[in-house]
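Below: the structure, in structure tokens.
The values are calculated or read from the model by the stated rules, or taken from the named source; none is laboratory data. Note that this is a predicted model, so its numbers are computed, not measured. Please note: Cβ atoms are built from the backbone with ideal geometry, for glycine as well, and neighbour counts cover all protein chains shown.
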């Protein structure tokens with residue numbers, strides 16, 4: 001039996017839509033294919049009244065007060081990695097930047113640059129993860145944009161997100177607010193995100209798979225705000241450049257020295273092993289689900305308890321102190337009693353030869 | 001982590017330190033040969049805690065640091081060619097050549113890739129037959145066997161588009177050159193553990209005998225280094241000059257025979273120029289005649305390149321232990337990890353970078369005290 005034939009519909013453009021399992025340049029044309037891209041791949045996942053209006057801009061209501069706004073662009077390769085994908089990262093990265101200013105994240109914009117040829121199944125997984133991450137973080141994606149570029153002009157896809165959050169007037173941590181005596185707390189084990197990415201890129205396999213720690217941190221921040229409030233002077237999420245770079249930024253901005261104690265950081269065994277093999281220092285490896293807080297010494301115990309009461313902060317630990325000496329510089333006390341400067345890196349960490 | 005954390009144990013380290021200071025009756029001058037050891041010493045502050053008992057001077061054992069400028073310029077020349085994929089270990093990419101470096105070549109469109117093994121470069125050559133894949137084969141006896149293996153496999157598999165830019169160096173001739181120097185201050189050596197894992201330690205016996213200098217084959221962790229230092233200090237105090245092995249968990253006297261065999265089949269000793277030091281006879285490894293088709297210098301007919309070193313850079317004296325990095329006027333001024341004048345400022349195993357990265361605190365404190 002021959003397959004049923006489609007009824008004749010009159011002359012149609014002979015230019016085929018082609019296979020529809022991949023993004024094509026036409027999906028960025030602004031025409032029907034663009035509309036279909038939105039209808040089939042984005043809107044169902046981000047569904048909310050503001051976005052569904054499809055206006056040129058989102059109109060949202062907020063209470064009176066101050067807003068925090070942050071934007072970040074995500075270009076991670078590979079797009080999918082153990083523990084997450086670029087979509088989850090694009091939500092977490094931006095809501096975490098808001099949270100580090102003490103803001104409660106409310107709205108997100110999402111801009112997508114898609115490379116021609118990107119399989120829709122990948123796009124759908126990414127957008128799906130993004131949607132779940134947004135729901136979990138309690139933010140609404142209220143506006144967005146998609147562009148398609150020729151094959152070779154992007155690496156699968158790039159995502160930009162901008163977040164808007166509400167700042168509470170009584171809780172305003174900032175990078176320049178550390179004072180000598182502050183206790184430095186890390187909320188969890190470090191190095192997981194960077195090593196998870198590196199392991200996929202380099203084709204490394206470990207007995208235990210290392211998963212990215214990508215997560216929204218504002219629940220931890222809410223806990224800190226409620227338990228110790230203004231005693232939190234600084235919050236940072238040590239993403240690119242790792243804990244070392246984040247603490248250097250704090251030391252410079254606050255004109256304090258920071259002393260760390262080797263061995264106080266929680267570094268998972270597989271991360272340590274990978275760093276040994278690759279010649280990397282876990283202090284400089286990126287994290288996406290860890291925050292570093294500088295807290296008044298008299299409230300440090302409460303801050304630690306608050307972090308540890310949340311699953312993301314179970315392994316929170318004190319990793320150092322702000323000091324008056326060597327302002328702008330981070331110094332590590334080594335296990336055997338020496339000390340060294342923990343500087344920012346001039347560029348990327350390059351694997352050592354031997 | 002097993003086999004690692006026990007060699008970083010602070011208690012054990014302090015106990016060893018106590019034994020070193022109680023054994024030494026005067027300040028001995030030791031050289032650790034390998035850059036990996038320099039990295040641990042400076043990073044952990046071992047030289048600081050040794051205090052008056054021992055002065056550590058940092059030897060020429062960082063392969064990145066001693067790779068001569070002309071070879072880096074050749075690498076840059078090859079990497080700039082549109083028909084070449086240039087592959088290298090990561091930390092060679094930032095080493096400055098006469099005018100540029102491999103990272104900048106990559107930014108300008110050169111196909112430069114980091115690999116973790118020469119066999120990955122060979123595999124790349126098999127996958128991209130339309131390109132010529134060149135691997136920058138640098139390093140001591142540690143990396144030479146694997147690089148030899150890649151060339152051997154390339155010949156076995158008939159891979160015609162693979163070649164190596166060989167710049168291998170070997171340790172014993174460099175130690176001899178240091179001992180021969182009229183300015184030499186080294187009284188004992190910590191030999192590089194991983195080099196000895198490949199080569200064994202027989203070849204150090206004539207050196208120890210002739211120059212009456214203790215040699216202790218030493219590992220790379222703090223406890224290894226302190227134990228190696230203790231063994232060397234004991235020999236010096238007792239007037240002995242033997243080759244001892246601290247790194248017994250990795251090194252056997254005869255070394256790794258199969259690795260040596262592969263190296264000798266593919267490479268032969270050649271005179272080699274060391275950056276900042278000059279040419280040391282028979283201190284390098286070059287491809288044997290029968291493997292010349294895999295020699296990038298032959299294949300691409302690389303002409304003699306005569307580079308000029310920045311005159312301020314005193315890398316040679318640093319690499320031979322003549323001066324400490326901060327004795328160089330360029331250190332931290334015109335020469336920083338962002339803008340290195342010489343290779344020891346580039347590699348994390350280079351003495352200058354180690355001092356810059358880990359010791360500015362101390363230097364800042366001492367300069368404040370002076371002012």
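For the reader, a short list of remarks on this structure follows.
- Filter pass, residue B:48 being crowded, with 24+ Cβ neighbours inside 10 Å and within 13 Å of chain A (Cβ to nearest Cβ): no
- Residues (within 16 Å of the chain's Cα centre (by Cα), under 21 Å from residue B:99 (Cβ atoms) and touching a residue at least 60 places away in the same chain (Cβ under 8 Å)) located in the stretch B:313-348: B:315, B:342, B:343, B:344, B:346, B:347
- Candidate set from the stretch A:253-271 (those that are assigned to a helix (DSSP H, G or I) and within 14 Å of another protein chain (Cβ to nearest Cβ)); member that is nearest to the chain's Cα centre (by Cα): A:271
- Boolean, residue B:369 is modelled with pLDDT under 85, surrounded by fewer than 24 Cβ atoms within 10 Å (Cβ to Cβ) and at the interface with chain A (Cβ under 9 Å from one of its Cβ atoms): no
- Some residue of the stretch B:77-84 being modelled with pLDDT under 95, in contact with a helix residue (DSSP H, G or I) (Cβ under 7 Å, 6 or more places away or on another chain) and crowded, with 21+ Cβ neighbours inside 10 Å: no
- Test for residue B:103: is it closer than 24 Å to residue B:65 by Cβ and assigned to a helix (DSSP H, G or I): yes
- Candidates A:321, A:326, filtered to the one that is within 14 Å of chain B (Cβ to nearest Cβ) and surrounded by 17 or more Cβ atoms within 10 Å (Cβ to Cβ): A:326
- Candidate set: the stretch B:62-71, residues that are more than 14 Å from chain A (Cβ to nearest Cβ) and assigned to a helix (DSSP H, G or I); chosen: the one surrounded by the fewest Cβ atoms within 10 Å (Cβ to Cβ): B:70
- Selection count where residues are facing another protein chain (nearest Cβ under 9 Å), part of a helix (DSSP H, G or I) and either within 16 Å of residue B:246 (Cα to Cα) or out of contact with any strand residue (DSSP E or B) (no Cβ under 7 Å at 6 or more places or on another chain) (or both), scope the stretch B:13-40: 5
- Residue within the stretch A:294-301 that is in contact (Cβ under 8 Å) with a residue 12 or more places away in the chain and facing another protein chain (nearest Cβ under 10 Å) present: no
- Options A:322, A:286, A:274, A:303; residue that is in a strand (DSSP E or B) and in contact with a helix residue (DSSP H, G or I) (Cβ under 8 Å, 6 or more places away or on another chain): A:322
- Only one entry in B:153, B:126, B:106 is touching a helix residue (DSSP H, G or I) at 6+ places or on another chain (Cβ under 9 Å), closer than 29 Å to residue B:197 by Cα, surrounded by fewer than 18 Cβ atoms within 10 Å (Cβ to Cβ) and away from chain A (no Cβ under 11 Å), namely B:153.
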